[in-house]
Amino acid sequence: SVKINTLHCTCKLTIFFLQICVHHIRPCSSVRFIKSKYISIFDKSAFKFSHQHTSFRTSAISNGQIVQFKLSDIGEGITEVTVKEWYVKEGDSVSQFDSICEVQSDKASVTITSRYDGIIRKLYYNLDEIAYVGKPLVDIETDALKDVASEEDVVETPAVSHEEHTHQEIKGHKTLATPAVRRLAMENNIKLSEVVGTGKDNRILKEDILNYLAKQTGAILPPSPKPEIIPPLPKSETVPAAAKDRGTKIPIPISKPIVFAGKDKTEAVTGFHKAMVKTMTAALKIPHFGYCDEIDLTQLVQLREELKPLAQVRGVKLSFMPFFIKAASLGLLHYPILNASVDENCQNITYKASHNIGVAMDTEQGLTVPNVKNVQVCSVFEIASELNRLLTLGSAGQLGTNDLTGGTFTLSNIGTIGGTYAKPVILPPEVAIGALGKIQVLPRFNGNGEVFKAQIMNVSWSADHRIIDGATMARFSNLWKSYLENPASMLLDLK
Amino acid sequence: MVIPSSLKNCFRLFYVLKISAAGFKYTANRGLILQSISSDVFQNLAVEDWIHDNMNLENRQVLFLWRNSPTVVIGRHQNPWQECNLKIMRKNNIKLARRRSGGGTVYHDLGNINFTFFTSKKKYERMENLKLVVRALKGLRPQLHVCATDRYDLLLDGNFKISGTAAKLGRTVAYHHCTLLCSADKINLSSVLKSPYKGIKSNATPSMPALVKNLFEEDPTLTCEMVMDAVAAEYARCHQIDHHITLINPADETVFPGIHNKNKELQTWEWIYGKTPKFSISTCFNMMYEQSLLEAEVDIHVKHGRIEVCNIVLPEQWLPPAMCNELEKNLIGSKFCPSETTALASTLLRICPQNYELHSKWSLLCENVMTLM
């Protein structure tokens, strides 16, 4: 089948050669001969210039030619496959070995890769259509038409990621080169074993190939686009040099632009994030005011240490949050306006009976705020148990609508990630929110003027200034703070 | 070369591949038998990817033996909603994976052995591989009546499927893998492989349900280890290599550089769910609200795992049309996924009029829509 392809190709090229005016896309400014000293500045494919070509190939270089890429034999006598996925669309540019599409035949999934560099001009099949082996799959407009690429060529190079360097053994001599360099060599029919590598471990770099080519063709090659860091001239050397050797020229560094090939990526805001956009836009219509304070948790830390094993015995992990949540609920009993909700035009306030305290969590989705229902009638242990359940569901992405709706007040323990003070945004339809920073060990003065080690946490409250004033927030915060700094006082007011 | 005993079973692959030393390592140039020490489906699938992308199989063939903890594995072009019961799987922590080869859906657990035969594309020959497995089984237990069908299945006693096949062909490398039921949990298998989702219209590759049986049921003295060893021995005999199984750790980045990335890619939502061919769900469901039964119709089109079109028809005025439109509009572009939908629906409730009745109707509707996912 290789022979037939050769004949076929030659016929095609002959026809092409005769009908030059039909196939040329850009006019050929000069006909290039072997070992030409001139390289057209318009021709980007100067690097692909080969010194072993025949005349028809020279004229092919600067003009794209449409090549029909046929679906090659898949094996086992299979003649037809179903096209399952296209990786390219018309107009995309592809490199040799890039994936073009995925086809399926009788439980076998086959990745069809491109044999040429070029631009996809036509897809012959739609998804789920039957494609035939030996018939055209896509049309590719390609710059350089290589010699008949049989299935055998370049088999040693497996498709690897561009970061990886492949080792290729040629005549028992290992040569290191990236796939891009390897391709450049192959396109120019250069044997890697004949090129001197100047990179690390005698690695062959692109420059080495270009230098090799330059020696062969005597051509002036354009500068490499690879970014180069030019070291600045050490100052100490320039002064004496000027004094001593006036005749010597100080080399002027040619500043080459640093090229970064990354591309911006734009995607639509959808789903959960879209809903968050709406919620946050509504939230910022609320006039927020902030109030911050510092809480000495030294006693609470000790209490928790004592209670942790007791909770563990009952199968519950006890963190600080259950205490913060219960203390907040006790505070809300005295300042119910913080557990309220206003309607759209702020015409009516609804004082919510239940304290459904939301706990902000960071999950795979992003910010999730499930709430513990009816904290006003829950014990600290019950709150801890419920928190465990919500955390487990949250990390598995299995929180239900009931857990995520109905909240009346929110606490965000951002301190588990880090930070001290924050400016939290109120989650509508609530009117207040608290952000808790991390617990730090800091020096403080006690009643006797002595310095002691204190466990300090910062809290940052935000509240809706349309219905809540600073004094109310401050008093609530003080009450909450007093419960946490003296956990024993919580006992007096526990319901 | 002195081989420390600790290395005997866990050779660094590149020693085996590169050094053409004397002794048994010589045959490593013609063939290799690898066995994974991991039962994590993603790690094992990543090994297949790695071998496919990185090994030179021009003159060498590789057999890879692996088993996974309970997982459902769907073929490259399949629709998980059509093939399995995602709800039961989520509840019981049964993983879902999509492999790169074609074919149908299988249930994996430690009683199901996977064999992957790696060859160059030219030497790709599935029937030969299956005949090898049959010979190995017959050699182990001559009374076993096992045969291969023209659909590349293996049948026990002519009736029961004990093995299914799938294959992946790349530019130069091909692999054919098949399962072998030794002692898998058949109850789990049948419950997870039955899809509860109705009204799905899709061009995804469908699976052919079949009666299955474990080899263990035919002969209780058989174990997975014996079967794996028998197949490895037959492979070694056919390829004239040493019957030596090299244990590999798929988490070892030094032996398999780049495997961690392959592992991560196989676990992304975009690969597992996003690669589902375009499909639509048209169905209706009943909702019970305050003693009355209501009927709702849903028409959802999903592409790349995301909702492209969403139409919900409710009893007139049950929910303000604006709210229903809001839900439809926000679902478009969202992942066809219950957790994403819950998060989305709960968040939207924050900016809806605060009315208990509306909220409970909305929650009811959303929960029902989620049952389709």
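Exactly one residue out of B:209, B:220 is away from chain A (no Cβ under 14 Å), at pLDDT below 90 and either over 30 Å from residue B:57 (Cα atoms) or in contact with a strand residue (DSSP E or B) (Cβ under 7 Å, 6 or more places away or on another chain) (or both), and it is B:209. Residues of the range B:145-180 that are within 14 Å of another protein chain (Cβ to nearest Cβ), out of contact with any Gly (no Cβ under 8 Å at 6 or more places or on another chain) and small (Gly, Ala, Ser): B:148, B:163, B:170.
Among the listed residues A:435, A:422, A:384, identify the single one that is closer than 30 Å to residue A:347 by Cβ, of a type in the set (A, V, I, L, M) and either in a helix (DSSP H, G or I) or without any contact (Cβ under 8 Å) to a residue 60 or more places away in the chain (or both).
Step by step, each of A:435, A:422, A:384 is checked, and only A:435 is closer than 30 Å to residue A:347 by Cβ, of a type in the set (A, V, I, L, M) and either in a helix (DSSP H, G or I) or without any contact (Cβ under 8 Å) to a residue 60 or more places away in the chain (or both).
When you scan the range B:93-115, do you find a residue that is within 14 Å of chain A (Cβ to nearest Cβ) and more than 21 Å from residue B:272 (Cα to Cα), even just one? Among the residues of the range B:93-115, not one is within 14 Å of chain A (Cβ to nearest Cβ) and more than 21 Å from residue B:272 (Cα to Cα), which makes the answer no. The sole residue among A:108, A:131 that is crowded, with 18+ Cβ neighbours inside 10 Å, touching a residue at least 60 places away in the same chain (Cβ under 8 Å) and small (Gly, Ala, Ser) is A:131.
When the range B:245-259 is filtered for residues that are more than 14 Å from chain A (Cβ to nearest Cβ) and not in a loop (DSSP other than H, G, I, E, B), the ones remaining, listed by number, are B:245, B:246, B:247, B:248.
Confirm whether residue B:73 is without any contact (Cβ under 8 Å) to a residue 60 or more places away in the chain, out of contact with any helix residue (DSSP H, G or I) (no Cβ under 6 Å at 6 or more places or on another chain) and either surrounded by 24 or more Cβ atoms within 10 Å (Cβ to Cβ) or within 14 Å of chain A (Cβ to nearest Cβ) (or both). Here the answer is yes, as residue B:73 does meet what is asked. The set of residues in the range B:32-88 being within 16 Å of the chain's Cα centre (by Cα), charged (D, E, K, R) and assigned to a loop (DSSP other than H, G, I, E, B) consists of B:40, B:67, B:76. Taking residue A:408, is it under 30 Å from residue B:352 (Cβ atoms), touching an Asp or Glu at 6+ places or on another chain (Cβ under 9 Å) and either crowded, with 19+ Cβ neighbours inside 10 Å or without any contact (Cβ under 8 Å) to a residue 24 or more places away in the chain (or both)? Judged against the criteria, residue A:408 is a match.
Residues in the range B:126-144 that are free of Cβ contacts under 8 Å to residues at least 24 places away in the same chain and either surrounded by 19 or more Cβ atoms within 10 Å (Cβ to Cβ) or within 14 Å of chain A (Cβ to nearest Cβ) (or both): B:128 only.
For residues that are in contact with a Leu (Cβ under 8 Å, 6 or more places away or on another chain) and part of a loop (DSSP other than H, G, I, E, B), scanning just the range A:89-115, find the one that is farthest from the other protein chains (Cβ to nearest Cβ). Of everything passing the filter in the range A:89-115, A:90 is farthest from the other protein chains (Cβ to nearest Cβ). So is residue B:190 touching a Phe, Trp or Tyr at 6+ places or on another chain (Cβ under 9 Å) and free of Cβ contacts under 8 Å to residues at least 60 places away in the same chain or not? When the stated conditions are applied, residue B:190 passes them.
Mind checking which residues of the range A:260-317 are among the hydrophobic types (A, V, I, L, M, F, W, C) and within 14 Å of chain B (Cβ to nearest Cβ)? A:268, A:269, A:272, A:275, A:276, A:277, A:280, A:282, A:283, A:284, A:286, listed by residue number.
If you go through the range A:347-381 and keep only what is within 42 Å of the chain's Cα centre (by Cα) and either part of a helix (DSSP H, G or I) or touching a residue at least 60 places away in the same chain (Cβ under 8 Å) (or both), you end up with A:358, A:365, A:366, A:367, A:375, A:380, A:381. Of the residues making up the range A:273-307, those that are without any contact (Cβ under 8 Å) to a residue 24 or more places away in the chain, in a helix (DSSP H, G or I) and out of contact with any Leu (no Cβ under 8 Å at 6 or more places or on another chain) are A:277, A:281, A:302, A:305, A:306. Please tell me if residue A:387 is within 36 Å of the chain's Cα centre (by Cα) and modelled with pLDDT of 95 or more. It is true that residue A:387 is within 36 Å of the chain's Cα centre (by Cα) and modelled with pLDDT of 95 or more.
Going by what's in this entry, would residue B:158 be described as surrounded by 23 or more Cβ atoms within 10 Å (Cβ to Cβ), farther than 19 Å from residue B:47 by Cβ and either over 15 Å from the mean Cα position of the chain (by Cα) or at pLDDT below 95 (or both)? So residue B:158 does not fit the description; no.
The values are calculated or read from the model by the stated rules, or taken from the named source; none is laboratory data. In this text the structure is predicted, and so the values were computed from the model without any measurement. So basically every Cβ, Gly included, is an ideal-geometry build from the backbone, and we count neighbours across all protein chains shown.
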